[in-house]
Every structure is written in C-alpha cells, then in structure tokens.
Amino acid sequence: MNVIKQEDLIQSVADALQYISYYHPKDFIDAVYAAYQKEASQPAKDAMAQILVNSRLCAYGKRPICQDTGIVTVFVKVGMQVQWEATCMSVNDMINEGVRRAYLHPDNILRASILDDPAGKRANTKDNTPATIHYEVIPGNKVDITVAAKGGGSENKAKLVMLNPSDSIVDWVLKTVPTLGAGWCPPGMLGIGIGGTAEKAMILAKEVLMDPVDIQDLIAKGPQNRVEELRLELYDKVNALGIGAQGLGGLTTVVDVKIKEYPTHAASLPVAMIPNCAATRHIHFSLDGTGPAVLQVPCLEDWPKLNYEVGEVAKRVNLNSVTSEEVMSWKPGETLLLSGTLLTGRDAAHKRIQDLFACGESLPPGLDFKNKFIYYVGPVDPVRDEVVGPAGPTTATRMDKFTEMMLAKTGLLGMIGKAERGPQAIAAIRKHKAVYLMAVGGAAYLVSKAIRNSKVVAFPELGMEAVHEFEVEDMPVTVAVDSEGVSVHASAPKIWQAKIGKIPVIEESS
Ligand code: SF4
C-alpha cells in the first residue's frame, strides 16, 4: 500500500504552480506557432508573435506568462489502495498550502487574485487560496493530480445551456462564441461538456481543457465516432467565424475544440462551454509515495525563435506631449509605440473614483488624469531588479460603465486595455473624441519590458489594483476604437468571416 506524505503533496502542488506560471504546455505553443505561420491577417499574426515571444521570455526568465496568474483548479483522482500519512491536514488543506507556497515564492512571486466574501467585501486572501478542487476515487495505488491556473478573463466567458434534446449543439456554439467577445484572449481552446446534469456538464467542460492539443492528429486520421466528428465540425466552423487572435479578425480563433460527454436524462441536453486563453496553463503528475513529483523541464530550444518587430509603419507617440488633435488623427487598426508616462487603474480604482465624485470630493493629491492615458492593468509584484512584474492588459469591457465618468470628469485622453468595448463605452469615446488602444492579452512579460519606471500614486491599499504611474518606452498598442467610435473588434471579424467564406455573413440589425 502506497503511503502519500503530506509534504510530498504540498511541495508537488507548489512546484506545479510555479512551473505552469512560466512554462506554457509545449503542445499549446506548437499549435499557436502553427497558427501564426498560416495566419493571413497581419494584426492577428502580430498578436500571436507577441504571445510566442512572451512565452519564450517567460520560460527563460521564469516569470509569469500573464499578470493574471489565475485561479487554481485541481482535479484529484485518488487510488482506492493508497493510504494517507497520519496528519491533521485535510487533502484540501494540503493543496491550499501548496498554492500558498507557490504564490508567495520569493523568486517568482505570483499575483494573488482570489477574493474572499465575493458578494460583499471582496477582500483579497493575499496568497491566492483557496483552490477549486474536484475529487474522484478510482481503483489503483496512486494519486493522479492535474493542476491548472485559469485566467479570470477566460473563466468569465464560461457558458451553460440546457438545450432541448432535438436542438443543435453546433448552432448553439456558433451563436454563442461571437458573444464572448475577445476578453478570453484568443487564440485558445474551447472545452465543451455535454450531458449529465448542469453542474456535471460544467465540470466536464473544464476537465477536458486539461487534455493535450491534438486536433491536427484527428484531422489526419479522421473521426472514429460522433464526438470526434463534432470536434472537427466545431473546430472548422468556429474558426470560420473569423474572430481571430485577440478578436482582431483572422484565420485562427481556436487551436482545438475538446469535448467530453456523459449520459443524461431523456428530457435534457446540458451543454457547457469554457474557453481557455492564450495563457493556457496546466500540468499533470502522479504521487505513489516515493516522493514529490518530478516535473520535466522542457527543452527551451524547442520554443519558436521569433522576434517581435512592429515595423516601419508603427507611429511613435510621446505620451507626455500628446494632444487631442493627435489622438483624433489615429486610425482603427493602426499600430502605435507609446513612450512617456501613463496611469494605471482597473475595477477597484474606478469604483473608488466613482465614489469620490459621488460624494463631491476630488481625486487624491498627486492623481491627475488630465491629458493622460489610463492602462487597465493589475501587475504582478516585481522581483530582483525588475521595475514591475508582468503587466499585461485586463479586459476593458468591465470598465465600460466608468468610461463616460472618466472622460467627462478627469480630462483623460484615452484608455488602454484588452478586448472590445461595448456600446456604452464607444458612445462615450465618440462623444469626447477620445480613443481606446489595445495591448495583447497573454503577452504580459513582454509588455513589462517596455516599462522603465513604476510608482504607486493613489490607493496603495488596493494592492495590485492601486493606481500606478508607469513610464514606458516603445510600448506597442493597436488603435481599437478611434475618436469616431469605429471599433476594429466589430469590423475585423466580419471582414475575415466573409473572407473565409464558409459561413454566410449575418449583418446585425441596428
Ligand atoms: S491571457 Fe487573457 S484571459 Fe488569459 S489569464 Fe491572461 S489576461 Fe486573463
């Protein structure tokens, strides 16, 4: 009988979380590289280049792929013949101790993103605990563990539907994927759970995302059953939607579609869909009582050797002297290289600012947005000689409801984030002749290399959500909504859907 020791489980979970924070799964990187090579849309190709360069830098630098180092999700399969070392800790406690150890590791501190009392105070637990843990008890004398760190941007796009048994799963997926926008940072994968009950379908969808990327093998060998046929049909048709990397329009939105099914009730057809983002992070290991898991270090020579060059067409912008007239001259899809100072802020800082204005108060001393840009980011804390840790953009859509207030009351010129803006924000941008710029989600370490200085200027108690002033040099961004309110996220996928031509373009009724 194998005896599983407490310390082995704790250390294995901690090592696994450190590992996946900086090593992408190699199968995922290979798939993104293949998509990069065949991509015909230049903005999407550039976005994938940044994701791939970022991945290599992170692997070498052992720093997080994304500033959102995720919510920890663990699948544990406990062999019925194992015995646990006598301990007062539950297996949940051991896993959470491993999470704590990983996220507070001084050599590679990870961002703590988990909030307690989610419907109330939303207080950060400060060590990214607790994990979400799923158990299964199976025959055998080992404990199999899969550890994942799931980004909030992609987790927020999870969907569940209880279809009628005669409804088409393909139709539902094709109708639903465009509603996800780009906040899930494509290119990525779709996990689809079919059957069981509502909660079973969701767990199936999450669990299947842990399987290797293998759709090209399936294409080569051909489908052997209905699920494989469905995977191929969805892979083809989802990519034909033309959404592309970061929603910029292009050939590849997903590098794989994974499906797991389970028997269900005669009256039901539950279907769950969970996307995995450009920062796909998971690893699998087993414990058999002989010590902590040994995680194979990947051969970094195998990572694609790309350089990201913005090219001659990029427009250089001095953020310290930029004017409204200059902002109004920028065109949708244009690449800019930003240098100078900008301010940061995301959900909690915007809420604070809103509350201050509602009480008739002004911004704290030292916080002045006039003629500035705000970058929606919650960076990872720096280590060693870093100015700031990985600092990629967060989903801008969440800040839509604050945009009119920020533009009307602070003198802000524009915003930088990831993903599309909704109608409310676009109307405010048009009204104030502002602009929305997009940085690549999933290229956080690469973005941080453009940050030369960082200091907190307001709300230090908000931790990673405090307002920082960043001094940046040649930070690459794309004009995603121009001062007339023209959005590349609205126009580009339609153009590419038509180019791909497999699905008729459906014009939105106004
Ligand atoms: S790649 Fe995008 S969705 Fe994924 S963790 Fe990073 S910011 Fe979140």
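Each value in this text was obtained by applying a stated rule to the coordinates, not by laboratory testing. Here the structure is a predicted model, which is why all the values come from computation and not from measurement. Neighbour counts are summed over all protein chains in view; Cβ atoms, including those assigned to glycine, are modelled from backbone coordinates with ideal geometry.
Within the chain, C58, C66, C88, C299, C359 have no other Cys Cβ under 4.7 Å of their Cβ and so lack a disulfide-compatible partner by this rule.
Scan the range 430-466 for trypsin sites (Lys or Arg not before Pro) in coil per DSSP, keeping those whose Cβ has at most 15 other Cβ atoms within 10 Å, and list them by number.
Values: sites: R430, K431, K433, K449, R452, K455; in loops: K433, K449.
Within the range 430-466, no trypsin sites (Lys or Arg not before Pro) qualify (loop, at most 15 other Cβ atoms within 10 Å).
The Cα atoms of the range 39-102 give a gyration tensor whose axes a ≥ b ≥ c have a/c of 1.5 or more with a/b greater than b/c, which makes the shape prolate.
Could you list the square roots of 5 times each eigenvalue of the Cα gyration tensor of the chain, that is, the equivalent ellipsoid semi-axes, sorted largest first and rounded to whole Å?
Numbers: eigenvalues 269, 164, 93 Å².
Computed over the chain, the values are 37, 29, 22 Å.
Taking label points 7 Å from Cα along the Cα-to-Cβ direction, D381 and L356 give a separation of 2.5 nm. Taking R0 as 22 Å, what FRET efficiency do you get between T341 and E404 from their Cβ-Cβ distance, rounded to the nearest 0.05? With a Förster radius of 22 Å, E is 0.35.
Write down Rg/Rh for the range 152-278, rounded to two decimals, with Rg from the C-alpha atoms and Rh from the Kirkwood relation over Cα pairs. Provide the component values of the computation, followed by the final result.
On the way: Rg = 13.6 Å, Rh = 14.4 Å.
Ratio value, two decimals: 0.94.
Largest first, the three principal axis extents of the alpha carbons in the range 315-493 are 42, 39, 29 Å in whole numbers. Taking the centroid of alpha carbons for each part, the range 466-490 and the range 1-78 are 26 Å apart.
The residues packed around V327, meaning those with a beta-carbon under 15 Å from its beta-carbon, carry a net charge of +3 if Lys and Arg are +1 and Asp and Glu are -1.
Comparing Cα centroids, the range 116-189 and the range 241-293 end up 9 angstrom apart.
To the nearest 0.05, how large is the calculated FRET efficiency for T132 and S168 if R₀ is 25 Å and r is the Cβ-Cβ distance? Let's see the in-between values first.
Working: r = 31 Å, r/R0 = 1.24.
It comes to 0.20.
Only DSSP H runs of four or more residues enter the estimate; each adds -39500 (n - 2.57), and after division by the residues of the chain the mean residue ellipticity at 222 nm equals -9500 deg cm²/dmol. Summary of the geometry: the range 380-453 and the range 209-224, compared by the centres of their Cα atoms, lie 37 Å apart.
Within 10 Å, count the other beta carbons around each residue, average over each peptide in 122-131, 163-172, 276-285, 261-270, and list them highest first. Before the final figure, lay out the partial values.
On the way: 122-131: 16.7, 163-172: 12.4, 276-285: 25.6, 261-270: 13.9.
Most protected by this proxy first, the peptides run 276-285, 122-131, 261-270, 163-172.
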